[in-house]
Amino acid sequence: MAGHFDFCLIWVPGHQDIPGNCIADELARKGTTNFLLPDKEDTSMPLATCKLMLHNQSNHKSTLRWQASLVGRVARQTWPKIDKARTVALCNLSRRNCSLVVRSLTGHWLIGTHAHRLNSPYNDFCRSCRDEEEEESPEHFFCSCPALSSRRLRTLGKSFLDDLGGLSALSPRKIGLFIQLSNWIPF
């Protein structure tokens, strides 16, 4: 190749949107994530590829274990898989809001049956719609309470959700805002 071309190596500053450098960076990135060809088996695998494979395998095993778990019914519906962006968004909430969202998405907040199990004060019926047939539960609160439908529409985008799985695509910030607007938790 050197017999056909003249080469000149020059240093260019990184992350400066220089077109040729951006293309080279992208090609290098792709090269670290591609698997080796069978005839190149004796070539060492790049460290970035090893890290990527370990990361993907770890996430896959963790997701399978989470989905097969017999506990955490509410949490598995509201957070069905590992989602780094959603986790970062949750961690970026204030400490109070983060705690509130985590407790509500896991079903560990002091309402209905959970409060009763912990011998804490609780309502026998929904404090918003006052329907004596409706027990306070995460499902009723997030999905079907008619008294919260306008707040649910404004913050979550729908008046009613089919089930708790509808929360799995929503940002923790929106969920926290809905909880705040419900007036179920004093702020």
Restricting to the stretch 140-187, name every residue that is of a type in the set (S, T, N, Q) and not in a helix (DSSP H, G or I). S159, S168, S171, N183
Output for Cβ contacts, cut-off 6 Å, separation at least six or different chains, first residue in contact (Cβ under 8 Å) with a residue 24 or more places away in the chain in the stretch 120-133, second open to solvent by less than 70 Å² (accessible area, probe 1.4 Å), reads S128/C145; S128/A147; S128/L148
Result of the Cβ filter at 8 Å on the stretch 84-107, keeping first residues that are among the basic types (K, R) and open to solvent by less than 50 Å² (accessible area, probe 1.4 Å) and partners that are modelled with pLDDT of 95 or more and in a helix (DSSP H, G or I), at least 6 apart or interchain, is R86/P172
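Would you mind stating whether R130 is farther than 30 Å from N56 by Cα and part of a helix (DSSP H, G or I)?
On the way: farther than 30 Å from N56 by Cα: yes; part of a helix (DSSP H, G or I): no.
Considered against the rule, which asks whether it is farther than 30 Å from N56 by Cα and part of a helix (DSSP H, G or I), R130 comes out as no.
For P172, indicate whether it is touching a residue at least 60 places away in the same chain (Cβ under 8 Å), over 18 Å from the mean Cα position of the chain (by Cα) and open to solvent by less than 30 Å² (accessible area, probe 1.4 Å). Walk me through it before giving the result.
Numbers: touching a residue at least 60 places away in the same chain (Cβ under 8 Å): yes; over 18 Å from the mean Cα position of the chain (by Cα): no; open to solvent by less than 30 Å² (accessible area, probe 1.4 Å): yes.
Judged against the criteria, P172 is not a match.
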Checked pairs for the stretch 49-71, first within 11 Å of I82 (Cα to Cα), second open to solvent by less than 100 Å² (accessible area, probe 1.4 Å) and not in a helix (DSSP H, G or I), C-beta under 7 Å and 6 or more apart or across chains, list as N59/I82; S62/I82; T63/I82
Y122 fails exactly one of the following numbered conditions: (1) farther than 30 Å from H55 by Cα; (2) open to solvent by less than 70 Å² (accessible area, probe 1.4 Å); (3) touching a Leu at 6+ places or on another chain (Cβ under 8 Å); (4) of a type in the set (F, W, Y). What is the number of that condition? (2)
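Could you run through the stretch 150-169 and say how many residues are surrounded by 15 or more Cβ atoms within 10 Å (Cβ to Cβ) and polar (S, T, N, Q)?
Start the filter on the stretch 150-169 by keeping residues that are surrounded by 15 or more Cβ atoms within 10 Å (Cβ to Cβ), which leaves 151-152, 155-156, 160-161, 164, 166-168.
Adding the requirement that they be polar (S, T, N, Q) leaves 155, 168.
Result for the stretch 150-169: 2.
The values are calculated or read from the model by the stated rules, or taken from the named source; none is laboratory data. None of these values were measured; they are calculated from a predicted model. Neighbour counts are summed over all protein chains in view; Cβ atoms, including those assigned to glycine, are modelled from backbone coordinates with ideal geometry. Areas reflect the complete protein model, heavy atoms only, side chains present, ligands, DNA and RNA absent. Shrake-Rupley method; radii C 1.70, N 1.55, O 1.52, S 1.80 Å.
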